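A.B. asks: Sharing a structure, written as structure tokens. Questions coming.
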Amino acid sequence: MSLTSKIKSKAYEIGFCSVGIARADALDKEATFLKEWLGRGYQGKMQYLENNFEKRCDPRELVPGAQSVISLALNYYNRGEHSADKKDCKISRYAWADDYHDVMKKKLWELFDYTQSLDKENTKEKKTSRKNSEKIEGRVFVDTAPIMDKAWAVRSGLGWQGKHSNVITREQGSWVFLGEIVLSCPLEYDEPIEDFCGSCTRCIEACPTDAIVEPYVVDATKCISYLTIELKAEHEIPEEFHDKLENWIFGCDICQDVCPWNQKFSQETQEESFFPREGIVQPQLKELEEISQDEFRRKFRRSPVKRPKWQGLLRNIRAVLSGLKKKNTTESFTD
């Protein structure tokens, strides 16, 4: 088996559902799009997206001598249903279980260590001396460094970027986490696949805040996920969105739930770390409205929900309750 074949085989053995490899080149087209997107102010208060622009658009700035980018996907889908009861609230599927950063990073390091072990075996078999600079070097990335995960997933053929901006795979839909390993050695490269969204616009039509301003372009300042996660607790969710939150207090799955690819090809995850925690699939608003800071820390320990912190979660709940009150008043007036 070639080095590439061994790496891919090991990736599937570790539990990744998809793996693709692209040449570590500059993302010129993607850089242009990002610059225009930032210029429109669609990043909102996510200033970090404006930092390290060169590194974000060229992996060779992150890993000197980089030649290959291995993109990997890990399925997290669970078939649980969000509650339609106004007394309940909604948390995005990806946050029903353990923090994916921890799970993904562990698996990526396992694959990276395996790759380096192959390099050592190859050196021993050839009985040749190699300088340290010739050894396979690299870095592991899981959504915590300036690297364009979606762009590399597309370039490596894992899937295509849907009109909701999420990467859609033909095998799992878009219910996947993405990660990368950037290596200093050349590998066999995969080709991008075509865009299979076709004329479908379900995600655009379903978004309650009209955050998908045009196909493939999301204004984050209108996105429920941004408003409930990325917008820091010291900033209130604009009142204009309160009655459009549809009881989402952390993230939002609407654009993915309506996607035909997800409805047809979603598969239950086999990763135990992503099995839902008790009481998190259909949590009650009243219960979380009264949660103390200590209870928050215990309940969401090692969970993505800890991201907006206790104050942020309470802020989100207040906004949802405000929206429900506004809707009730409107309905009463209409009746």
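The values are calculated or read from the model by the stated rules, or taken from the named source; none is laboratory data. What you see is a predicted model; the values in this text were computed from it and never measured. When we count neighbours, we look across all protein chains shown, and the Cβ atoms used for this are built from the backbone with ideal geometry, even at glycine. Heads up: the accessible areas ignore ligands, DNA and RNA and are worked out on the full protein's heavy atoms, side chains in. Shrake-Rupley method; radii C 1.70, N 1.55, O 1.52, S 1.80 Å.
A.B. asks: Please give the contour-minus-distance gain from Gln47 to Thr329: 0.36 nm per residue of separation, less the Cα-Cα distance, rounded to one decimal in nm.
C.D. replies: That pair, Gln47 and Thr329, stretches by 97.8 nm at full extension.
A.B. asks: Ordered by packing density, taken as the mean number of other Cβ atoms within 10 Å over each peptide's residues, highest first, how do 37-49, 169-181 rank?
C.D. replies: In decreasing order of mean packing, 37-49, 169-181 become 169-181, 37-49.
A.B. asks: For a 29 Å ceiling on Cα separation, which of these pairs sit above it: Lys150/Lys222; Lys10/Lys309; Lys106/Lys150; Lys45/Lys87; Lys55/Lys222; Lys222/Lys325?
C.D. replies: Exceeds cut-off: Lys10/Lys309; Lys45/Lys87.
A.B. asks: A further question follows. Using +1 on the beta carbon of Lys and Arg, -1 on that of Asp and Glu, and nothing else charged, what's the dipole of the chain about the Cα centre, debye to 20?
C.D. replies: 880
A.B. asks: Check each of the GluC sites (Glu not before Pro) in segment 8-100 and keep only those in coil by DSSP with at most 10 other C-beta atoms within 10 angstrom; list them in order.
C.D. replies: Passing both the DSSP loop test and the Cβ count: Glu81.
A.B. asks: Residue farthest toward the positive end of the dipole of the chain, with Cβ of Lys/Arg at +1 and Asp/Glu at -1: which of Cys259, Ala84, Phe296?
C.D. replies: Looking along the dipole axis, the top candidate is Phe296.
A.B. asks: Rounded to the nearest 0.05, what FRET efficiency do Glu36 and Asp85 have when you use their Cβ-Cβ distance and R0 = 51 Å?
C.D. replies: About 0.80, to the nearest 0.05.
A.B. asks: Lone cysteines in the chain, going by a 4.7 Å Cβ-Cβ cut-off?
C.D. replies: So, Cys17, Cys57, Cys89, Cys185, Cys197, Cys200, Cys207, Cys223, Cys252, Cys259.
A.B. asks: At a threshold of 8 angstrom on Cα-Cα distance, excluding pairs fewer than six apart, so keeping six or more, what relative contact order does the chain reach in percent?
C.D. replies: 25
A.B. asks: While we're here: Given points 7 Å out from each Cα along the Cα-Cβ axis, report the Arg302 to Gln284 separation in nanometres with one decimal.
C.D. replies: So the label points at Arg302 and Gln284 sit 2.8 nm apart.
A.B. asks: Under the rule a/c < 1.5 gives rounded, and otherwise a/b versus b/c splits prolate from oblate, where does segment 282-322 land using the Cα gyration tensor?
C.D. replies: Judged from the Cα gyration tensor, segment 282-322 comes out prolate (a/c at least 1.5, a/b above b/c).
A.B. asks: Next up: Sorted by accessible area (1.4 Å probe), largest first, how do Asp143, Asp119 line up?
C.D. replies: Output order, biggest surface exposure first: Asp143, Asp119.
A.B. asks: Between segment 78-102 and segment 263-335, how many Å separate their Cα centres?
C.D. replies: Rounded to whole Å, the Cα centres lie 8 Å apart.
A.B. asks: If you stretched the chain out fully between Asp257 and Ser2, how much longer would it get, using 0.36 nm times the residue separation minus the C-alpha to C-alpha distance?
C.D. replies: Between Asp257 and Ser2, full extension yields an extra 87.9 nm.
A.B. asks: Might you report the magnitude of the Cβ-based charge dipole of segment 5-110 about its Cα centre, with Lys and Arg at +1 and Asp and Glu at -1, to the nearest 20 debye?
C.D. replies: Computed about the Cα centre, the dipole is about 180 debye.
A.B. asks: With r defined as the distance between the Cβ atoms of Asp102 and Glu191 and R0 fixed at 45 Å, what FRET efficiency is calculated, to the nearest 0.05?
C.D. replies: Calculated value: 0.90.
A.B. asks: Still on this structure: Between the helical axis of 309-334 and the dominant principal axis of the chain, each derived from Cα atoms, what acute angle in degrees is found, rounded to the nearest 10?
C.D. replies: Tilt relative to the chain: about 40 degrees.
A.B. asks: A further question follows. Order 20-28, 199-207, 92-100 from most to least packed using the mean count of other Cβ atoms within 10 Å.
C.D. replies: Taking the mean over residues of other Cβ atoms within 10 Å, the ranking is 92-100, 20-28, 199-207.
A.B. asks: Ok, one more. Calculated from DSSP H runs of 4 or more alone, at -39500 (n - 2.57) each and per residue, what is the 222 nm mean residue ellipticity of the chain, nearest 500?
C.D. replies: Mean residue ellipticity, 222 nm, calculated: -10500 deg cm²/dmol.
A.B. asks: Next question, about the same structure. Take peptides 271-279, 153-161 and line them up by average Cβ neighbours within 10 Å, highest first, as a rough protection proxy.
C.D. replies: With the highest mean Cβ count within 10 Å placed first, the list reads 153-161, 271-279.
A.B. asks: Determine the dipole magnitude for segment 190-335: charges of +1 sit on the beta-carbon of Lys and Arg, -1 on that of Asp and Glu, nothing else is charged, the reference point is the Cα centre, and the result goes in debye to the nearest 20.
C.D. replies: Rounded to the nearest 20 debye, it is 840 debye.
A.B. asks: For the charge dipole of the chain, defined by +1 on Lys and Arg C-beta atoms and -1 on Asp and Glu C-beta atoms about the Cα centroid, which residue among Ile237, Thr4, Tyr114 has the Cα displaced farthest towards the positive pole?
C.D. replies: It is Tyr114, whose Cα lies furthest towards the positive end.
A.B. asks: Rounded, prolate or oblate: which one fits the chain, using the alpha carbon gyration tensor with axes a ≥ b ≥ c (rounded when a/c is under 1.5, else prolate when a/b beats b/c, else oblate)?
C.D. replies: Prolate is the answer for the chain, as a/c is 1.5 or above and a/b outweighs b/c.
A.B. asks: Extension gain Glu272-Cys200, at 0.36 nm per residue separation less the Cα-Cα distance, in nm?
C.D. replies: Result: 22.6 nm gained on full extension.
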